[in-house]
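Read the structure below first, then the notes.
What follows is calculated from the coordinates using simple rules that are stated; it is not laboratory data. As the structure is a computational prediction, the values presented were derived from the model and not from experiment. Cβ: placed from backbone, ideal geometry, glycine included. Neighbour counts: every protein chain shown.
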Amino acid sequence: MVTNSKSSQDSLLFTGAYDYLVNAITTFKIPPNSPISENKLAETLGISRTPIRQALQRLEAEGLITKSDSSRFTVSLVTPKEVEETCDLLQIIDTFLFIQAAKKMKKEHREELLECAKEMIVEAKNDDRDSWSKADTKFHDLIFKAADNQLMANIALIHRRKIQRFWTRSAQYESRLEVCSKEHEVLANAIANQKLDLIGPAVAEHINHMRTSILKIIGSTASMLG
């Protein structure tokens, strides 16, 4: 019992550290190329370095951070080629998952998806980025759950995180949230009404807009970093 309790506690500490770092990196609270200190994180979160180290190892495997020869971690930079490749992959995976969701989603979840899209439009107009992000997360969660392919959903999530921080930043500086929200509304309507032929083009349009915005912010970030 004690062993199980300790294992559960260790898992919670690791998950907390991991979620904290993912949020900090994807929202630019820790910018690209910034060093990450295990000691400072342990002090900030009030936990030992062990779960911090475990979280860093997972983030390294997912490509969000890199480790130097001196074993120091820094937030990964992303090259234009990586953006292109990631967007190409996301377009393929999202199209598949969205079509599967359209085929399988229950009526009540279709209505919930449409409400999510409407909420995103409202929050974008209000410039409430936290509420918009929550609605966006719920939007994709509904689709992934309905599509019922956890492997592909996980692949999409991991790769989206690599460029999400730049997408979030580009949306912030180019007022893309409203346009992005309307793109989600188009997708929600196509899924809810099972218009399978409309899903591929809608995904392609959304991904290509995201690609263009991220490449712009990547260029400006590279200039700032010298």
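Which of the residue pairs K106/K195; K125/K182; K125/K145; K107/K134; K81/K216 have a Cα-Cα distance greater than 19 Å in the structure shown? The answer is K125/K145; K107/K134.
In the chain, with Lys and Arg counted as +1 and Asp and Glu as -1 at Cβ, which of these residues, C116, V78, V186, has the Cα nearest the positive end of the dipole, that is, farthest along it? The one lying farthest along the dipole's positive direction is V78.
Mean separation of Cα pairs under 8 Å and 6 or more residues apart, divided by the residue count, gives the range 80-225 a relative contact order of 40 percent. Dividing the summed helix terms, -39500 (n - 2.57) for each DSSP H run of n ≥ 4, by the number of residues in the chain produces a 222 nm estimate of -27500 deg cm²/dmol to the nearest 500. Each peptide among 88-95, 183-190 gets the average number of other Cβ atoms lying within 10 Å of its residues, and from highest to lowest they stand as 183-190, 88-95. Think of each Lys and Arg Cβ as +1 and each Asp and Glu Cβ as -1; about the Cα centre, that makes the dipole of the range 78-196 roughly 260 debye.
Compared with the alpha-carbon gap, the fully stretched path from S48 to T27 is longer by 5.1 nm at 0.36 nm per residue.
Across the range 1-117, Cα pairs under 8 Å and at least six residues apart give a relative contact order of 23 percent. In units of the rule-of-thumb radius 2.2 N^0.38 Å, the chain shows an alpha carbon radius of gyration of 1.09. Calculate the FRET efficiency for Q9 and R58 from the Cβ-Cβ distance with a Förster distance of 25 Å, rounded to the nearest 0.05. Plugging the Cβ-Cβ distance into 1/(1 + (r/R0)^6) gives 0.90.
A Cβ-based charge dipole, computed about the Cα centre of the chain with Lys and Arg at +1 and Asp and Glu at -1, lands at about 380 debye. The Rg/Rh ratio of the range 58-176, with Rg taken over Cα atoms and Rh as the Kirkwood radius over Cα pairs, comes to 1.02.
Given their separation in residues at 0.36 nm each and the Cα-Cα distance between them, A204 and T137 gain 22.2 nm when the chain is fully extended. Here's the list of aspartates and glutamates a cross-link from K29 could span, going by alpha-carbon distance under 20 Å and ignoring same-chain residues fewer than 8 apart: D19, E38, E43, E60, E62, D127, D128, D130, D136, E174. If R0 is 30 Å, the Cβ-Cβ spacing of V179 and K81 corresponds to a FRET efficiency of close to 0.70.
Computed about its Cα centre, the charge dipole of the range 63-107 is approximately 480 debye, with only Lys, Arg, Asp and Glu carrying charge at their Cβ.
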